[in-house]
Each structure stands twice: as C-alpha cells, then as structure tokens.
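Student: So that we are looking at the same thing, I have put the structure below in structure tokens.
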C-alpha cells in the first residue's frame, strides 16, 4: 500500500511553496512573525495555528485581525503583525500583511491540501478546543486523506476525508 505522508516541514521544503499576498502591497522583506494554518475565522479575524512541527514559531496560535477572511480557512499562511500582540489566550494582533502559501498538488489526489484541511476542521469534536495540524497524509490506494490535529493537551484527533468532493 502506497501511503504518501507529508510532515509539514518536509512538504514545504520538498514540494516548494509559492507565496501570494492577500493584501494589495507586496509582501514585506522581513521574515513573517508567524507561519501556520488558518483554523477558524470570525468577522475580520482569523485564528492562525502553527503546526506541531513548527517549533520555532513565537506563538502556538494567534488571532489576527484586519484581514479578509474569505477563502482562508485551511490555508497555510505567513503573517506579519503591527506592534505587540495583546496578552490573551490565544494572543491577538493586527496584521500588517498576510500571504497564503500555495502548496503543490499531491500526486494522485483530486483535492487540494487546504480544501482537505478546511473540510476536516468542520468535523472536529470540540469547537472550543484550540487545534494545531499534527500531520496530513494521503493514501492513494484508498483515496483517503488523514488529517491529525494536536489539541492543547497534546492529544491527537484524527479525521479521515474522502478524496472526492
């Protein structure tokens, strides 16, 4: 059985990433303040959570305001923030810029990774829990995706998604 497993760091390094800015200005020349997945949204805010492998991130998760939330759920993004985040759980900050990281299509899969993550987010058991992506894999022999989420208590919740929409 051929299983294609992507650790997030490997996925970005091996498959490459193309950035596209959500804002009208060009992406800043400084490194982003945070890289992660958009796990939730409300009004003009998105909740960005680092993957469990992104150990160099300054925040495990961050509510980012001042952004268009349209179509961002499940996307991997880079965020630049204005000033210091508010001291809350999770912290909150105003974005100066946000860029999506477009990931390569997974060989043999019909759905994109961000579409699968977005679908898996709707099936999580506890909507009040803060999740991080632990692992994303695709099994071409069964046409199934597996998205594993790490909870704030380090438990793993796994969601299986069919490749067909």
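Student: Of the numbered conditions (1) in contact (Cβ under 8 Å) with a residue 12 or more places away in the chain; (2) surrounded by fewer than 19 Cβ atoms within 10 Å (Cβ to Cβ), residue 83 fails exactly one; give the number of that condition.
Tutor: That leaves (1) as the condition not met.
Student: Still on this model: Out of the residues in segment 36-54 that are touching a strand residue (DSSP E or B) at 6+ places or on another chain (Cβ under 7 Å) and not in a strand (DSSP E or B), which is surrounded by the most Cβ atoms within 10 Å (Cβ to Cβ)?
Tutor: The residue in question is 51.
Student: Which residue, of 64, 106, 147, 117, is in contact with a helix residue (DSSP H, G or I) (Cβ under 6 Å, 6 or more places away or on another chain) and modelled with pLDDT of 90 or more? Walk me through how you get there before you give the answer.
Tutor: Details: 64 fails: in contact with a helix residue (DSSP H, G or I) (Cβ under 6 Å, 6 or more places away or on another chain); 106 fails: in contact with a helix residue (DSSP H, G or I) (Cβ under 6 Å, 6 or more places away or on another chain); 117 fails: in contact with a helix residue (DSSP H, G or I) (Cβ under 6 Å, 6 or more places away or on another chain).
The conditions single out 147.
The values are calculated or read from the model by the stated rules, or taken from the named source; none is laboratory data. Quick caveat, the model's predicted, so the values are computed rather than measured. Counting neighbours? That spans all protein chains shown, and the Cβs are built from the backbone with ideal geometry, glycine included.
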